[in-house]
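Peer 1: Handing you a structure now.
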Amino acid sequence: MSDTPVQKTYEEINARIKTGEAVIVTAEEMVEIVKTKGAEGAAREVDVVTTGTFSPMCSSGAFLNFGQMTPTIKASKVWINKVSAYAGLAAVDCYIGATEPVEDDPLNKLYPGEFLYGGGHVIEDLLAGKKVFLEAKAYGTDCYLGRKMKKEFTLDELPAAVLCNPRNGYQNYNCAVNLSDKVVHTYMGTLKPNCRNANYCSAGELSPLFNDPHYKTIGIGTRIFLGGGVGYVTSPGTQHNPNAPRRENGTPVRPSGTIMVQGDMKKMSSRFIRGISILGYGNTMAVGLGIPIPILNAEMAAFTGVSDDELFTQVIDYGYDYSNGINRTYGEVSYAQLKTGTIEVNGKKVTTAPLSSLPMAREIAETLKGWISDGRFLLNKPAELLPDADE
């Protein structure tokens, strides 16, 4: 065996994928390979590591072109299944956000702040092949005479539908507890008083950005698994923060990097995009996302070989601190500890629960592994990498 350090290119890895010679493993499998063979040995053996996550991702939505009518119309107000969509895009384009609630929700009338249905559900319904009802209003112009439109349509009947999510794939997130004496309802779920439960939201060692902590391979143009189809990273996500505190292995202990992603909705599946209603918070959408990590060298092998025991997050109080902008932590816990179902906070044993689905994350990583192994999915070299710390 050569003593020369491993150094591969995207072109070499793609050539191996095309001939069926590439070795593809999931991030969970890579942990054991690196433990057994070391980073250099793992880099010689493995070409691509696949990752996956399936979690609520509030900063999500879709651009829809719903087609013209006679006379033509330039919609200024749009509702789909009574969910308001932004129509300031001219003519018959709109953007529907995942967290937009339905108007006149019967649950909201009984319990203000509660919603059964929203933009994420509209997107799921479209992906499931269901008909949705659109109503549009316009002020009318000489070139767009129409003032009203009402129509039903399915996803297949739309001229274009693009899932476009401004902030997905958070690189780590808080472990949420409630140290107050009252129940609080948050986007991290219901938190019982006096620290009686702890919720977290990450797939840990399977999570995409945990496997490339310094964004050596992820950037604009990276081809990804998105919602059951193929998507792309289009820019750093909103709130991208590579300067968060990090451990020696490069992984952050607080919310850090994010990605903006998009893809053709007509090639996606309602299995990997789900509308969600969170008690006391409102609507959101669960997004299935997976990124292939090319093992260009031993450094990338080491990054993808990091286990749940080596990935940590911080315990944050959502009962008072978070809503008041207080940046205080109540300790660090590993994802291995979180996944046992119990952690210790302030000397007290606390039950944990994930908002993200580990079985779905595994399914996504395995599905992406299959696509690449079959030669149906090649890796894209980014046109520009995501900004790293202090860039």
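Just so it is clear, none of the values below were taken in a lab; they were calculated from the coordinates. Quick caveat, the model's predicted, so the values are computed rather than measured. Cβ atoms come from the backbone with ideal geometry, glycine included; neighbour counts cover every protein chain shown.
Peer 1: Rounded, prolate or oblate: pick one for region 67-158, where a ≥ b ≥ c are the square roots of the eigenvalues of its C-alpha gyration tensor, a/c under 1.5 means rounded, and failing that, prolate if a/b is larger than b/c, else oblate. Please list the in-between numbers first.
Peer 2: Details: a/c = 2.50, a/b = 1.63, b/c = 1.54.
The shape class here is prolate.
Peer 1: Now, a different point. Is the shape of region 216-304 rounded, prolate or oblate, going by the alpha carbon gyration tensor and its root eigenvalues a ≥ b ≥ c, with a/c under 1.5 for rounded and a/b larger than b/c for prolate?
Peer 2: Numbers: a/c = 2.21, a/b = 1.34, b/c = 1.65.
The shape class here is oblate.
Peer 1: Right, next: I need Tyr139, Tyr173, Tyr335 ordered by Cβ neighbour count within 10 Å, fewest first.
Peer 2: Details: Tyr139 10, Tyr173 21, Tyr335 25.
Exposure proxy ranking, most exposed first: Tyr139, Tyr173, Tyr335.
Peer 1: Please work out how much length the chain gains when fully extended from Arg196 to Ala353, using 0.36 nm per residue of separation minus the C-alpha to C-alpha distance, in nm with one decimal. Mind showing how you got there, number by number?
Peer 2: Numbers: separation 157, 0.36 × 157 = 56.52 nm, distance 1.15 nm.
Between Arg196 and Ala353, full extension yields an extra 55.4 nm.
Peer 1: Modelling each spin label as a point 7 Å along the Cα-to-Cβ direction, I'd like the Asn324/Thr238 distance in nm, to one decimal.
Peer 2: Result for the modelled spin labels: 2.8 nm.
Peer 1: Starting with the highest mean, order 244-255, 316-327 by the number of other Cβ atoms within 10 Å, averaged over the residues of each peptide.
Peer 2: Details: 244-255: 16.7, 316-327: 14.9.
Answer by packing, highest mean first, reads 244-255, 316-327.
Peer 1: Same structure again: Straight-line reach from Lys148: which lysines have a Cα under 21 Å away, not including same-chain ones fewer than 8 places off?
Peer 2: Lys74, Lys77, Lys82, Lys131, Lys137
Peer 1: If you don't mind, there's one more thing I want to ask. Relative to a virtual label point 7 Å from the Cα of Lys182 in the Cα→beta-carbon direction, which members of region 313-351 show backbone nitrogen distances below 12 Å?
Peer 2: Correct set: 319-320.
Peer 1: Under a crude label model (7 Å from the Cα following the beta-carbon direction), how far is Glu21 from Thr141 in nanometres?
Peer 2: 5.8
Peer 1: Sort out for me the Cα centre separation of region 117-142 from region 171-195, rounded to whole Å.
Peer 2: Between the Cα centres of region 117-142 and region 171-195 lies a distance of 34 Å.
Peer 1: (i) 37, 29, 16; (ii) 37, 22, 21; (iii) 31, 29, 21: which one is semi-axes √(5λ) of the Cα gyration tensor in Å as calculated from this entry?
Peer 2: (i)
Peer 1: Please report, in whole Å³, the volume per residue of the convex hull around the C-alpha atoms of region 119-234. Please report the intermediate quantities before stating the final value.
Peer 2: On the way: hull volume 23.9 nm³, N = 116.
Per-residue hull volume (Cα only) is 206 Å³.
Peer 1: Pairs of alpha-carbon atoms within less than 8 angstrom and 6+ residues apart define the contacts here; what relative contact order does the chain have, in percent?
Peer 2: Details: 1053 pairs, mean separation 98.0, N = 391.
Once normalised by length, the contact order is 25 percent.
Peer 1: How would you classify region 1-46 from its alpha-carbon gyration tensor, with a ≥ b ≥ c the square roots of the eigenvalues: rounded for a/c under 1.5, else prolate if a/b is greater than b/c, otherwise oblate?
Peer 2: Working: a/c = 2.44, a/b = 1.24, b/c = 1.96.
Since a/c reaches 1.5 but b/c is at least a/b, the shape of region 1-46 is classed as oblate.
Peer 1: Using Cβ contacts closer than 10 Å as the measure, can you line up Met188, Met69, Met285, Met149 from fewest to most? Walk me through the numbers on the way to the answer.
Peer 2: Numbers: Met188 25, Met69 15, Met285 28, Met149 18.
Going from sparsest to densest Cβ surroundings: Met69, Met149, Met188, Met285.
Peer 1: Hey, another quick one. Can you give me the relative contact order of region 103-221 as a percent, contacts being Cα pairs under 8 Å and 6 or more apart?
Peer 2: Working: 127 pairs, mean separation 17.2, N = 119.
Across region 103-221, relative contact order equals 14 percent.
Peer 1: How many nm is it between the label spots at Arg271 and Cys164, if each spot is 7 Å from the Cα in line with the beta carbon?
Peer 2: The answer from the label model is 2.9 nm.
Peer 1: Work through the residues other than Asn81 whose Cβ is under 13 Å from its Cβ and net out their charges, Lys, Arg +1 and Asp, Glu -1.
Peer 2: Details: positive: Lys82, Lys130, Lys131, Lys150, Lys151; negative: Glu100, Glu103, Asp104, Asp105, Glu124, Asp125, Glu135, Glu152.
The answer is -3.
Peer 1: Roughly how many whole Å is it from the C-alpha centroid of region 281-353 to that of region 226-240?
Peer 2: 21
Peer 1: When we measure straight from the Cα of Lys37, which lysines land under 29 angstrom away, once same-chain ones fewer than 8 places off are left out?
Peer 2: Lys8, Lys18, Lys216, Lys339, Lys369, Lys381
Peer 1: Would you mind ranking Lys192, Lys150 so that the residue whose beta carbon has the fewest other beta carbons within 10 Å leads the list? Before the final figure, lay out each step's value.
Peer 2: Details: Lys192 16, Lys150 9.
Listed from fewest to most nearby Cβ atoms, that is Lys150, Lys192.
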